[in-house]
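A.B. asks: Quick one: the structure is below, and I'll ask about it shortly.
Readers should treat all values here as calculations from the given coordinates under stated rules, not as data from a laboratory. In this text, all values refer to a predicted model and were calculated from it rather than measured experimentally. Here the Cβ positions follow ideal geometry from the backbone for every residue, glycine too, while neighbour counts run over all protein chains shown.
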């Protein structure tokens, strides 16, 4: 029995994109759909027995008709090929107001064959070409579903989450106790599990998550645990394998170095419980590359050439690129940003060109040292603190005395020539 597990599709993420001239759609939407197509083509080519989706089909809780159409077209393609599809609701799939329909409810409403939507904790028997499969659903949980308001009235958020975790643990245990040990069993969940490494998705998570203990899910009664909600692919346990598939595309630069794809699981239904896993692998997809180019410009460098040299050493073709330049203040004006943009012409999108300008620390006199000093005395102390050469310090002091005398309407003794020729001053 071959299972395909994916999650966190997030159709509708369109940052770092531009309108595609042929379709009018965002190029980033096309990126996400292209990765989705890779998954569907793999499922058809490899004749998988079931596709398990662990939640978050869309970025928005109220997806556009276009986004819903593109998601449904590919689900229908799988279903038409006789591959059962199990869709779990994630936090982005739930409406903002309880009682409203979720974006995934259209499938059972239309009675689409071979498509199961799970929006509450429970166990279903999924018929596949290789035999039946037990699937425990652990969808994203609204606190109000399982905790009465009067029970949480005087609790802090942390205390409420602890109460919810206890409730979910008990409910999952009840489903585990009902499993038929003679039939392969998996759990599909959309949740944060203790020990998981999170990344960019923290900015996309709606509210503070309850965190489940790994021991709640890593039961020997299960042959595999398919998780969604965390965008980084990772395996949390080996017996049984508890894995986040991760997202199919990068959301931002925090996911720059992460591989994107889906999980493929082979089970042998003829073996006893706990021994059915034959193979597990992560199947990468072609995700849009994100590239950060960091450049440190040294005093005496040609700053533009320094940046161009760094760009030539990176493959920025068709990538989302950001450039971070650290340079001394005196070289900032010599940086030709137009030349840098031209060198990035092959990039898909230039996210930003940051300038970290290193400015010299300004020397400040302590309040007790400057209190009661005349302007000339204060200037003299300042020049000494800056180790100003004596001849230059003397020149600056003479000019300062001249300016102060002029301001007072007096002629300074031994007044020097004006610091600028007539008509050229600032």
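A.B. asks: What is the extension gain from residue 324 to residue 275, computed as 0.36 nm multiplied by their sequence separation minus the C-alpha to C-alpha distance, in nm to one decimal?
C.D. replies: Contour length minus Cα-Cα distance gives 12.6 nm.
A.B. asks: Let me ask something else about it. Take every DSSP beta bridge with both residues inside the chain and express the antiparallel ones as a percent of the total, to the nearest 5.
C.D. replies: Antiparallel bridges: around 35 percent, rounded to the nearest 5.
A.B. asks: Which parts of region 68-87 would a label at residue 23 reach, counting a residue when its backbone N lies under 18 Å from a point 7 Å out along Cα-to-Cβ?
C.D. replies: In region 68-87, the label zone of residue 23 (backbone N under 18 Å from the point 7 Å along Cα→Cβ) covers 68-78.
A.B. asks: While we're here: Which label belongs to the value computed from this structure, given these candidates for Rg and Dmax of the Cα atoms in Å: [x] 31.9, 107; [y] 22.6, 70; [z] 20.1, 59?
C.D. replies: Step by step, Rg and Dmax of the Cα atoms in Å for this structure corresponds to label [x].
A.B. asks: Grab the Cα-Cα distance for residue 76 and residue 382, subtract it from 0.36 nm times how many residues apart they are, and report the gain in nm with one decimal.
C.D. replies: That works out to 102.5 nm of additional length.
A.B. asks: In which sequence would 183, 141 go, from the one with the fewest C-beta neighbours within 10 Å to the one with the most? The partial results should precede the final answer.
C.D. replies: Working: 183 14, 141 21.
Neighbour counts put them in this order, fewest first: 183, 141.
A.B. asks: Please give the helix 157-178 orientation as an angle from the longest Cα principal axis of the chain, in degrees from 0 to 90, rounded to the nearest 10.
C.D. replies: The angle comes out near 30 degrees.
A.B. asks: Report the antiparallel proportion of the DSSP beta bridges in region 154-297 as a percent, rounded to a multiple of 5.
C.D. replies: Beta bridges within region 154-297, antiparallel portion: roughly 50 percent.
A.B. asks: Ok, one more. Mean residue ellipticity at 222 nm from the helices of the chain, using -39,500 (n - 2.57) per DSSP H segment of n ≥ 4 over the full residue count, to the nearest 500 deg cm²/dmol?
C.D. replies: -8500 deg cm²/dmol
A.B. asks: Mind pulling the angle between the C-alpha long axis of helix 390-408 and the longest principal axis of the chain? Nearest 10 degrees, somewhere in 0 to 90.
C.D. replies: 80 degrees
A.B. asks: Using 0.36 nm times the number of residues separating residue 397 and residue 213, minus their current alpha carbon distance, what extension gain do you get? Mind dumping the intermediate values first?
C.D. replies: Numbers: separation 184, 0.36 × 184 = 66.24 nm, distance 7.12 nm.
Full-extension gain reported as 59.1 nm.
A.B. asks: Also, I was wondering about something else. Measure off 7 Å from each Cα along the Cα-to-Cβ vector at residue 177 and residue 156, then give the distance between these two points in nanometres to one decimal.
C.D. replies: 3.2 nm
A.B. asks: Compute the long axis of helix 303-312 from its Cα atoms, compare it with the longest principal axis of the Cα atoms of the chain, and write down the angle in degrees, 0 to 90, nearest 10.
C.D. replies: 20 degrees
A.B. asks: Between 156, 123, 192, which gets the highest mean-square fluctuation from a Gaussian network model of the chain, Cα cutoff 10 Å?
C.D. replies: The residue with the greatest mean-square fluctuation here is 156.
A.B. asks: Taking other Cβ within 10 Å of each residue's Cβ, how do 348, 399, 190 sort, fewest first?
C.D. replies: Working: 348 22, 399 16, 190 27.
In increasing order of surrounding Cβ atoms, one gets 399, 348, 190.
A.B. asks: Kindly state, to the nearest 0.05, the FRET efficiency for residue 337 paired with residue 47, given R0 = 56 Å and r defined as their beta-carbon distance.
C.D. replies: 0.60
A.B. asks: Antiparallel as a % of all DSSP beta bridges within region 232-376, to the nearest 5?
C.D. replies: 40 percent
A.B. asks: Over the chain, calculate the relative contact order: mean separation of alpha carbon pairs under 8 Å at least 6 apart, over the residue count, as a percent.
C.D. replies: About 13 percent, as a whole number.
A.B. asks: Right, here's the next one. With springs connecting C-alpha atoms under 10 Å apart, model the chain as a Gaussian network and identify which of 53, 107, 262 has the largest mean-square fluctuation.
C.D. replies: Most flexible of the set in this elastic network: 107.
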